[in-house]
Amino acid sequence: MAKRRKRSSGHGFGTAPVFLAGISTILGAILFLRFGYAVGHAGVLGTLLIILIGHAITIPTGLAIAEIATNLKVEGGGEYYIISRSFGMMLGGTIGLSLYFSQAISVAFYMIAFAEAFTPLFGWVEQMLGFTPHTWMISIPATLLLLLIILKKGANLGVTALWVVASILGISLLFFFLGKAPSPPETFNPMAKVSNHDSFTTVFAIIFPAFTGMTAGVGLSGDLRNPRKSIPLGTLAATITGMIVYVLVVFKLATSLP
């Protein structure tokens with residue numbers, strides 16, 4: 001009995017890692033690289049509608065996870081454990097396979113997005129060193145190095161990395177909101193769009209991945225002190241916080257773009 005209790009308690013983490021894992025996944029590449037595109041092509045009202053539709057999916061998902069987690073003894077395995085114990089092994093295995101592929105695709109997505117942040121420096125590198133760099137020269141070594149460090153140090157370093165990532169996100173957003181546009185618009189028009197704008201469907205397809213990832217903290221279920229409490233609180237808090245940040249970013253961009 002003592003061994004079982006010790007195994008279920010994991011590393012004894014609280015609610016904070018669940019929230020940090022969720023919010024650092026939600027406030028990701030789409031927010032920093034594509035939200036300006038969304039406001040320009042869909043307008044303020046169109047982008048807010050996309051946010052509303054996206055959270056009409058993620059909030060009920062978070063509520064469902066909260067309900068299941070509070071009525072079930074959650075152990076290691078994250079989303080797969082919750083689904084398989086609630087709906088059976090057949091459905092759990094099917095969804096677990098889908099989750100596996102989604103995580104694999106997400107890794108590639110994050111690698112590309114990380115490397116894209118360095119593209120403004122490529123011109124300088126080409127001028128100084130005489131060769132044209134590519135994004136894979138940054139993404140692949142950085143990813144392998146990060147994975148090696150985390151795998152060597154274990155889950156404790158992973159949670160520490162969550163604090164670092166969340167702090168960087170917070171500082172970046174703070175500078176973003178404090179910054180001033182060089183040529184802000186004279187009037188605020190929520191329907192304003194760029195000429196030759198893309199369709200609403202295209203913008204929605206590009207922006208929708210921004211609303212995923214709110215269940216990232218569920219994967220820490222085996223390392224939590226009290227998963228039945230931490231998973232619902234952390235997941236819902238991350239989802240709602242992400243929605244609020246998205247809305248504020250939309251209005252900030254709308255009042256900054258000429």
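The residue that is modelled with the highest pLDDT, among those in segment 210-249 that are surrounded by 18 or more Cβ atoms within 10 Å (Cβ to Cβ) and outside any helix (DSSP H, G or I), is THR212. With the condition kept exactly as written, say whether any residue in segment 133-153 is in contact with a helix residue (DSSP H, G or I) (Cβ under 7 Å, 6 or more places away or on another chain), at pLDDT below 80 and farther than 24 Å from PHE118 by Cβ. Checking segment 133-153: not a single residue is in contact with a helix residue (DSSP H, G or I) (Cβ under 7 Å, 6 or more places away or on another chain), at pLDDT below 80 and farther than 24 Å from PHE118 by Cβ. Residues in segment 55-88 that are touching a residue at least 40 places away in the same chain (Cβ under 8 Å), part of a helix (DSSP H, G or I) and among the β-branched types (Val, Ile, Thr): ILE57, THR58, ILE59, THR61, ILE65, THR70, ILE82. Taken over segment 204-258, residues that are without any contact (Cβ under 8 Å) to a residue 60 or more places away in the chain and either closer than 27 Å to PRO184 by Cα or touching a strand residue (DSSP E or B) at 6+ places or on another chain (Cβ under 7 Å) (or both) amount to 1. Would you confirm whether any residue within segment 54-64 is closer than 18 Å to PHE251 by Cα and in contact with a helix residue (DSSP H, G or I) (Cβ under 7 Å, 6 or more places away or on another chain)? Scanning segment 54-64 turns up at least one residue that is closer than 18 Å to PHE251 by Cα and in contact with a helix residue (DSSP H, G or I) (Cβ under 7 Å, 6 or more places away or on another chain).
Residues that are in contact with a Leu (Cβ under 7 Å, 6 or more places away or on another chain), among the hydrophobic types (A, V, I, L, M, F, W, C) and modelled with pLDDT under 85 do occur in segment 187-204, at least one of them.
The values are calculated or read from the model by the stated rules, or taken from the named source; none is laboratory data. Keep in mind it's a predicted model, so treat the numbers as computed, not measured. Positions of Cβ are backbone-derived with ideal geometry, glycine not excepted, and every protein chain shown enters the neighbour counts.
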